[in-house]
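Structure in structure tokens, see below.
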Amino acid sequence: MGHSFIEISTGTVHSCGLTSTGETYCWGNNGIGQLGDGSFTNRDTPTLVTGGHSFIEISAGELYTCGLTSTGETYCWGLNDYGQLGDGTTTSKDTPTLVTGAHSFIKIGAGEEHTCGLTSTEEAYCWGYNFFGQLGDGTTTSKDTPTLVTGAHSFIGISAGEKHTCGLTSTGKIYCWGENYFGQLGDGTITGKLTPTPVSFP
């Protein structure tokens, strides 16, 4: 019997789909547990993520996945070498693991090796790999728990790229931070930024 999906997200070598009943199914490579079924077995058909969680949003990173519940809790699973699962460790997990900090998120975004979440108070938190400043906290130190993005901006949207992040404010402005080698921050330079930097328009 076919699944009825309402959202999909793809990582590097795995994919996940969210059903209207809040169940998440993943398939593809599972070498780091990114499918969340409690195994490291690759799957060529959708496999139910364990734990019985009801998600309203999912986001697949490079080799990990995160899901957001209706109560604002975030669970992540898979590769955790830089703390991108946000559980206070750098130990990979093959089942959904709660992100620490008791933050209530309304949106999440998984990048290559870092994750960001947006709260109902329009604050952005990021965690994981931070060598290029993609966490936006003014440092290049990786974090294994959610860390507040600096600048006191009111964000209503957030998206994590490979090594950079962008946020959309309630006034329609876009700020980006992290790696900028190809000008992906949109500020008219190719210099990386450790804190949110406004996108420049002609």
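If we keep just the residues of the range 1-14 that are assigned to a strand (DSSP E or B) and of a type in the set (A, V, I, L, M), which is farthest from S92 (Cα to Cα)? Break it down into steps so the answer makes sense when it comes.
First, the residues of the range 1-14 that are assigned to a strand (DSSP E or B): 5-10, 14.
Adding the requirement that they be of a type in the set (A, V, I, L, M) leaves 6, 8.
Details: I6: 28, I8: 23 Å.
Going through the qualifying residues, I end up with I6.
Which of the residues belonging to the range 143-191 are closer than 20 Å to F105 by Cβ and part of a loop (DSSP other than H, G, I, E, B)?
Of everything in the range 143-191, those that are closer than 20 Å to F105 by Cβ and part of a loop (DSSP other than H, G, I, E, B) turn out to be V149, T150, G151, A152, H153, S154, G161, S170.
Do we find that L194 is assigned to a strand (DSSP E or B), in contact (Cβ under 8 Å) with a residue 60 or more places away in the chain and crowded, with 16+ Cβ neighbours inside 10 Å in this structure? Reasoning before the result, please.
On the way: assigned to a strand (DSSP E or B): yes; in contact (Cβ under 8 Å) with a residue 60 or more places away in the chain: yes; crowded, with 16+ Cβ neighbours inside 10 Å: yes.
Yes.
Taking the options G109, G17, G52, G117, name whichever one is in a loop (DSSP other than H, G, I, E, B) and either within 19 Å of Q134 (Cα to Cα) or not charged (D, E, K, R) (or both).
Working: G109 fails: in a loop (DSSP other than H, G, I, E, B); G17 fails: in a loop (DSSP other than H, G, I, E, B); G117 fails: in a loop (DSSP other than H, G, I, E, B).
Within the list G109, G17, G52, G117, the selection yields G52.
Determine if the range 134-154 includes at least one residue that is more than 15 Å from G78 (Cα to Cα), among the hydrophobic types (A, V, I, L, M, F, W, C) and in contact (Cβ under 8 Å) with a residue 60 or more places away in the chain.
Filtering the range 134-154 for residues more than 15 Å from G78 (Cα to Cα) gives 134-143, 145-154.
Then drop every residue that is not among the hydrophobic types (A, V, I, L, M, F, W, C), which leaves 135, 148-149, 152.
In the following step, the residues that additionally are in contact (Cβ under 8 Å) with a residue 60 or more places away in the chain were identified as none.
Within the range 134-154 (the criterion being more than 15 Å from G78 (Cα to Cα), among the hydrophobic types (A, V, I, L, M, F, W, C) and in contact (Cβ under 8 Å) with a residue 60 or more places away in the chain), the answer is no, since none of the residues qualifies.
If you don't mind, another one. Looking at G101, is it touching a Pro at 6+ places or on another chain (Cβ under 6 Å) and either among the β-branched types (V, I, T) or within 19 Å of Y125 (Cβ to Cβ) (or both)?
On the way: touching a Pro at 6+ places or on another chain (Cβ under 6 Å): yes; either among the β-branched types (V, I, T) or within 19 Å of Y125 (Cβ to Cβ) (or both): yes.
Spelling it out, G101 is indeed touching a Pro at 6+ places or on another chain (Cβ under 6 Å) and either among the β-branched types (V, I, T) or within 19 Å of Y125 (Cβ to Cβ) (or both).
Oh, and also: Applying the selection to the range 96-124, what residues are in contact with an Asp or Glu (Cβ under 9 Å, 6 or more places away or on another chain), among the hydroxyl-bearing types (S, T, Y) and either surrounded by fewer than 17 Cβ atoms within 10 Å (Cβ to Cβ) or within 27 Å of A152 (Cβ to Cβ) (or both)?
Scanning the range 96-124 gives T100, S104.
Scan the range 24-38 and tell me whether some residue there is within 25 Å of T119 (Cα to Cα), assigned to a strand (DSSP E or B), in contact with a strand residue (DSSP E or B) (Cβ under 6 Å, 6 or more places away or on another chain) and without any contact (Cβ under 8 Å) to a residue 60 or more places away in the chain.
As a first pass, look at the range 24-38 and keep what is within 25 Å of T119 (Cα to Cα): 24, 34, 36.
If we keep only those that are assigned to a strand (DSSP E or B) as well, we get 24.
In the following step, the residues that additionally are in contact with a strand residue (DSSP E or B) (Cβ under 6 Å, 6 or more places away or on another chain) were identified as 24.
Next, from what is left, pick out any that are without any contact (Cβ under 8 Å) to a residue 60 or more places away in the chain: 24.
Yes.
Sticking with this structure for a sec: Which members of the range 86-108 meet the condition of being over 16 Å from G51 (Cα atoms), among the aliphatic types (A, V, I, L, M) and touching a Ser or Thr at 6+ places or on another chain (Cβ under 8 Å)?
The answer is I106, I108.
Would you call A102 among the hydrophobic types (A, V, I, L, M, F, W, C) and at pLDDT below 95?
Details: among the hydrophobic types (A, V, I, L, M, F, W, C): yes; at pLDDT below 95: yes.
Yes: the conditions hold for A102.
The values are calculated or read from the model by the stated rules, or taken from the named source; none is laboratory data. Note that the coordinates shown come from a computational prediction; the quantities given were computed from them, not determined experimentally. So basically every Cβ, Gly included, is an ideal-geometry build from the backbone, and we count neighbours across all protein chains shown.
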